[in-house]
Structure formats: structure tokens, C-alpha cells
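Since the structure comes first, as C-alpha cells, the remarks are kept for the end.
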């Protein structure tokens, strides 16, 4: 769960530790009727969202921040047919770029986009994990897609 | 069709979830609209990036032992049961004396309320059957004696006068 939010292993481990500490402290609030996994997932989600909110760092993805390899990657991907699989090196570049793209989004938008577009989760599943209403999940995902698309359009526009 | 921009379709749902007809609509429009063509390209790259990021995260995901949840839940239930018993014991230790004394007082009051009035009723019934108590009889006898004595005294006083007349 923490890896959804943090690519850095130590950050993900910190979030996981905090999750288990909170779960231990709030053990009395667990009624024992529902799934423990679901209960822990919700605590983990809220913990990760809080960490990201506290960071308050949403650097905009701009062309000047792109490395040569990232610019090359963008050119290659946009010029070639989209179905082409990425090799290991390209995957690393793609994940770096994706991380920076996600960092520019609000934590809630990021979660909705990652779960729905990345993992193929349904709106209902995201609502269960987060405790949000389905309409909020839809709005968050819509906004995240729009922002991510706009950021990439900007990069592609500058490149062109 | 050319005038309807496709950005809303792109933002409404994941690209992978779009139907074949929606994709045909997008491609047809993108062929004639440069802005939408760029939007479609950006959306495609965005989807590719997000997929790459989540597949990498999935590789790092640690799967817990399948029995983990069962074991944790069993331990939790056991703890809950012991906590429940311990709470009752602690409550009894703290309030046992006062609860016991209150129970004893209540029992005593119940005895006085329901048993003692029954005894009084029996005495009253006896009193109703026997209208004169031994004391009354004795006192009455005294009164009679006094009255007789007084009469005798009066008679004795005035008897001399009557005899003198």
C-alpha cells in the first residue's frame, strides 16, 4: 500500500511503521466484524495521505527539469507506435517521469489516478479503501487525469 | 463530429477502459483537430507512465503470509476476552465492598418491610379477638374498687348525719 504513494523504500517503510503503530493504538476501535486487511488498508491510506499533505511539495513538471534521457524518452514514445513495449532502461526512465508527474498532483488526486488508471481498481473499490463517496472518487480521478494530461501536453508542446 | 472535442472523453475514464466506438471517435476527431491530437497523445503517454509506476510498485509489494490475518484476529479475540474478564474483576475489586453493603441493606429493608408488618397484623388480630387485656381488667377492677371505696366513704360520712336526724 505504501509503495503506491512512495517510490523511495525508506519512505514506504516509515509509512508502514506508522500505519502499524496507529493500528496498534486504535486496536480498540476495530470491531472485529469486518476484514482486518481492509481496516489496515484504510489506516495505511490515511497515513500516507497525511504524510504527503504535510510535505506540501507539489513541484510542477516543467521542460527545464527534464533530463536528456527523459526528453529522449518522450520523443521516442510519442513518435513511435504506442503499443511498443518498454525495455528495462526505458521502464526506469518512465517510472522516474511518472513519479515526478504524480508529485505535481494533490495526494488525493494521485491516489485516485494510481488506483483507477494504474491498478484498474473500480470507483467502488477506491471508495471503500479511502472512505470517500463514489462521486468524490470520480471527481478526483477526473481532475488528476486532466492535470496529468495538461502537464504532458505542455512538455510535448515545448518539445515540438 | 469534427466540432465535438474529445478531451472530456479522455478525462472521464481511463484510456484502457474506453470502448472501441469511443476510440474510433477520438481517432477520427484527432485526425482533423491538432489540439485534440496532442491531448490524445498526452493522455496516452500519461496512461503509459501511470501503468509503469504501478507495475513497479506491485513488484515491490510484500505479500503477507495468508494465515497472518487469521492469526492476528485470533490473538485479538483472545486479548478482547481477557480484557473483558479483567475489567469485571477490577470493577468488583473497586466497588465490591460498597455493592455488598448496599445489597445487605436492601435485604434488611426488605425483611423489615415484608416480614415485620405481618407480625404486627397478627398481634392486632389477637387484640381484636380479646377486647380486654389483663391490664385493662386489673385497672378496671381498681377503678371499681376505688369507686366502691368512695361510695363507702361517702355513705359512712353521711350515714352518721342521717342517723342523727
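The values are calculated or read from the model by the stated rules, or taken from the named source; none is laboratory data. All values reported here derive from a predicted model rather than from experimental measurement. Because the Cβ atoms are built from the backbone with ideal geometry, glycine has one as well, and the counts that use them run over all protein chains shown.
So how many residues does the range A:7-38 have that are outside any helix (DSSP H, G or I) and either within 9 Å of chain B (Cβ to nearest Cβ) or over 30 Å from residue A:99 (Cα atoms) (or both)? Let's see the steps before the verdict.
Our first condition is that a residue be outside any helix (DSSP H, G or I); within the range A:7-38, this holds for A:7-8, A:26, A:30-35.
Restricting the remaining residues to those that are either within 9 Å of chain B (Cβ to nearest Cβ) or over 30 Å from residue A:99 (Cα atoms) (or both) gives A:7, A:26, A:30-35.
Number satisfying all stated conditions: 8.
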Item to complete: Could you tell me which of the residues A:97, A:152, A:101, A:113 is within 11 Å of another protein chain (Cβ to nearest Cβ), in contact (Cβ under 8 Å) with a residue 40 or more places away in the chain and closer than 27 Å to residue B:61 by Cα?
Response: A:101
Worksheet item: What number of residues in the range B:16-45 are free of Cβ contacts under 8 Å to residues at least 24 places away in the same chain, part of a helix (DSSP H, G or I) and either within 13 Å of chain A (Cβ to nearest Cβ) or buried (at least 18 other Cβ atoms within 10 Å of the Cβ) (or both)?
Response: 10
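Being without any contact (Cβ under 8 Å) to a residue 24 or more places away in the chain and either within 13 Å of chain B (Cβ to nearest Cβ) or over 20 Å from residue A:119 (Cα atoms) (or both) is the requirement here; does residue A:2 meet it?
Details: without any contact (Cβ under 8 Å) to a residue 24 or more places away in the chain: no; either within 13 Å of chain B (Cβ to nearest Cβ) or over 20 Å from residue A:119 (Cα atoms) (or both): yes.
Judged against the criteria, residue A:2 is not a match.
Yes or no, residue by residue, for (1) modelled with pLDDT of 85 or more; (2) crowded, with 17+ Cβ neighbours inside 10 Å:
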site	(1), (2)
A:2	no, yes
A:15	yes, yes
A:21	yes, no
A:28	no, no
A:31	no, no
A:35	no, no
A:47	yes, yes
A:55	no, no
A:58	no, no
Fill in: Criterion (more than 30 Å from residue A:93 (Cβ to Cβ), at pLDDT below 70 and either away from every other protein chain (no Cβ under 14 Å) or touching a helix residue (DSSP H, G or I) at 6+ places or on another chain (Cβ under 7 Å) (or both)) met by exactly one of B:91, B:73, B:112, B:148
B:148
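Loosely packed, with under 14 Cβ neighbours inside 10 Å and within 12 Å of chain B (Cβ to nearest Cβ), is that true of residue A:75?
Values: loosely packed, with under 14 Cβ neighbours inside 10 Å: yes; within 12 Å of chain B (Cβ to nearest Cβ): yes.
So residue A:75 fits the description; yes.
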